[in-house]
Amino acid sequence: MDTSLLLSQFLSGLSRGMVLFLIASGLSLIFGVMNILNFAHASLWLVGAYFCYSFWVLLQGYGFGMWVSIGLAALTLAAIGWVIEVVLIRRVYDRELPEQLLLTYAMVLIIGDLIKLTWGVEDRIIARPPLVEGPVFFFGIPFDSYFIFVILVGFAVAIGLWWFLQKTKYGHIVRAAVFSREMVSALGIPIPRIYTGVFVLGIFIAGLAGGVQAPVGSITLGMDMAIVVQAFCVVVIGGFGSLLGTLVGSIIVGEIYAFSILFWPQGALVLIFVVTAVVLIIRPWGLFGTPMRA
Amino acid sequence: MKRYWWLGLVFIVALILPFVIGEFWVHVAVEILILGLFAVSFNMIFGYMGQLSFGHAAYYGVGAYATGLLMVKASVPLPICLPASMIAAGICALIFGYFCVRLTGIYFAILTLAFGQLMYYIIFQWYSFTGGDDGLQGIIPPDFLFSATAYYYFTLFVVAAALIVIWYISESPFGYTMRTIRENPDRTRFIGINVKRYMLINFVIAGMFAGLAGGLWGPFNRSIAPDLCNWHQSGTPVFMTVIGGPLGFFGPMVGSVIYTFLMAFVTGFTEYWPLTIGLVIIFVVLFMPGGVLGFFEERVKIIRARALEVGAGESSEKENS
């Protein structure tokens, strides 16, 4: 077991973690602010990947087609997120937890079938532009150059979200809403509009994640099912509503996966759930969360 | 007991059912019974204890695998396999539940989900023992239960017996303690009840009956697969309970009838069953928050209230004249 192999495994874990981060950050944001656990988050992520594919087919003649498609997919998903929030989520703000969970779970089933109706059952593959087609070499070890892009997008979104939450007025309102909705509302800020904004932002990032995921490999029906539970694990490990926690949690889960593939292939997914269960038992609010809302 | 005369009626209808309907619908009826028991056991945690388990399929799957493995690998007769399924699922629920009952609300839901997925991946990956994603084939019930009708009667009696036991548990002091914990765990602790231990016992009992349901499933379906443990499967009893109504004892059973019947009907002419049930669930969540039973109870109350009003109105008119 030499260091170069470990390094390449580390980088692949990091890129896997970054995809998870892009999904989980929206999930965590929506739960932190709206207190709604969105089961359908990864389903919308997959819709983003399929939209990216469709845009790419339309723009196939252009060299920049794939990059534009990723952005268009994110924007399309933001629009879809807005419709879902206004039509469905808004109606269950003050319902009990199980009903909210069921609503988003029902969305998983509906979205899954709508994908099947729209894009059919065959796998979709995006041919990458030359820039990210081949491998790059780190100390003589080949590494998928597209993964570098994935890692960069992940960190860019992390920094962007951090800047939004810490430095802008709306970010401050969102953070305040995590602590006390009543107080924010009492200051005359329309809570439903904040909720809609947060939901749209979360789904936008999910769409971006889908777009970024699309060229990684083939886009397959049912990809969302395994990912959504792993995204829950990330959010649990990091702590609900904590951006830093989500980032650390994603890297932990990504690396656990990458390294157990190396040492104990059958145990990769089992190990993720063991770690999640241990964190939930010892620190239910996660590594970086606050016990306030536990 | 006079209030429950209709139960006897339902049982008599269930007894003569196979003479009236075709073999396909007998299969559907077996499915209704097994999944109904699964949903009722889930509702011991959800309706009576007030916690949402999103990993209840783990115990259903363990029960199914206990019976499946014993029958296929050791040729143990089915009547011995079923108690073994309950014990295996109970042990599993004891280990997982020990940690789960320490949490409540969303954390309880996620921890049960995590344990459910853990069980799923163990069964999925442990190829040499469980057959991995190939599942287990050739779980053939004994000769006297081979026909659909015979297996239907066998399931009917097992499920009916299980429901009676669960009914007695839910109406016992223990069952009412669970309701107290649901309403206010702090006050329950103040009167000297070990809340966590009670919750754990309830969790284990619920897991055992889920295991029994799972044990019945294998010989009925002739094969089992790791998907029985997956989180979609955990969603099924949640759907049934919400459709039927979580606050009545028979709500999950009513939900199972509606869900399974609808599934058999819809899958007859379209593959888009998830889309259909998804729309049904959204409709129920948005417009019938108490489930179907809750909805009808509400209607009955309104009709009764109207009848009373009319009666009161008439009598006051008489007084006036």
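The values are calculated or read from the model by the stated rules, or taken from the named source; none is laboratory data. Note that this is a predicted model, so its numbers are computed, not measured. Backbone-built Cβ (ideal geometry, glycine too); neighbour counts: all protein chains shown. Areas reflect the complete protein model, heavy atoms only, side chains present, ligands, DNA and RNA absent. Shrake-Rupley method; radii C 1.70, N 1.55, O 1.52, S 1.80 Å.
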statement: Exactly one of A:69, A:54 is among the polar types (S, T, N, Q) and open to solvent by less than 10 Å² (accessible area, probe 1.4 Å), and that residue is A:69
message: Contact list please: Cβ distance under 7 Å, first residue in the range A:247-276 and away from chain B (no Cβ under 14 Å), second residue open to solvent by 50 Å² or more (accessible area, probe 1.4 Å) and not in a helix (DSSP H, G or I), pairs at least six apart or on different chains.
response: A:248/A:287; A:248/A:288
- prompt: Which pairs do you get when a residue that is of a type in the set (Phe, Trp, Tyr), found in the range B:3-28, comes within reach of a residue that is part of a helix (DSSP H, G or I), reach meaning Cβ atoms under 8 angstrom, with the pair 6+ apart or on two chains?
  reply: B:11/B:160; B:24/B:264; B:25/B:264
- line: With criteria (1) among the small types (Gly, Ala, Ser); (2) open to solvent by 50 Å² or more (accessible area, probe 1.4 Å); (3) more than 18 Å from the chain's Cα centre (by Cα), residue A:177 comes up short on (2)
- request: State all residues of the range B:253-275 that are among the polar types (S, T, N, Q), under 22 Å from residue B:38 (Cα atoms) and within 14 Å of chain A (Cβ to nearest Cβ); if no residue qualifies, say none.
  value: B:267
message: If I filter the range B:277-300 for residues that are under 13 Å from the mean Cα position of the chain (by Cα) and farther than 23 Å from residue A:229 by Cα, do I get at least one hit?
response: no
field: Test: residue in the range B:187-199 that is under 29 Å from residue B:9 (Cβ atoms), of a type outside the set (Val, Ile, Thr) and under 22 Å from the mean Cα position of the chain (by Cα)
entry: no
query: Of (1) open to solvent by 60 Å² or more (accessible area, probe 1.4 Å); (2) at pLDDT 95 or above, residue B:182 satisfies all except one. Which?
result: (2)
- prompt: How many of the residues making up the range B:96-126 are farther than 16 Å from residue A:275 by Cα and not aromatic (Phe, Trp, Tyr)?
  reply: 10
- line: Pairing a residue in the range A:115-139 that is within 16 Å of residue A:224 (Cβ to Cβ) with any residue that is among the small types (Gly, Ala, Ser), where Cβ atoms lie under 7 Å and the two sit 6 or more apart in sequence or on different chains, gives A:123/A:218; A:124/A:218
- line: residue A:208: passes all of (1) within 12 Å of another protein chain (Cβ to nearest Cβ); (2) open to solvent by 10 Å² or more (accessible area, probe 1.4 Å); (3) closer than 21 Å to residue A:112 by Cβ; (4) in a helix (DSSP H, G or I) but (1)
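Here is a yes/no grid of residues against (1) crowded, with 24+ Cβ neighbours inside 10 Å; (2) within 12 Å of chain A (Cβ to nearest Cβ); (3) touching a Leu at 6+ places or on another chain (Cβ under 8 Å); (4) more than 30 Å from residue B:126 (Cα to Cα):
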site	(1), (2), (3), (4)
B:205	no, no, no, no
B:211	yes, no, no, no
B:242	yes, yes, yes, yes
B:251	yes, no, yes, yes
B:279	no, yes, no, yes
B:288	no, yes, no, yes
B:297	no, no, no, yes
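Among the candidates B:59, B:121, B:152, B:127, single out the residue that is among the hydroxyl-bearing types (Ser, Thr, Tyr), over 30 Å from residue B:185 (Cα atoms) and more than 14 Å from every other protein chain (Cβ to nearest Cβ).
Answer to the selection: B:152.
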query: Could you say whether any residue in the range A:266-274 is closer than 22 Å to residue A:5 by Cα and at pLDDT 90 or above?
result: no
query: How many of the residues making up the range A:130-155 are at pLDDT below 80 and open to solvent by less than 20 Å² (accessible area, probe 1.4 Å)?
result: 2
field: The one condition in (1) more than 9 Å from every other protein chain (Cβ to nearest Cβ); (2) at negative phi; (3) of a type outside the set (Gly, Ala, Ser) that residue A:96 fails to fulfil
entry: (1)
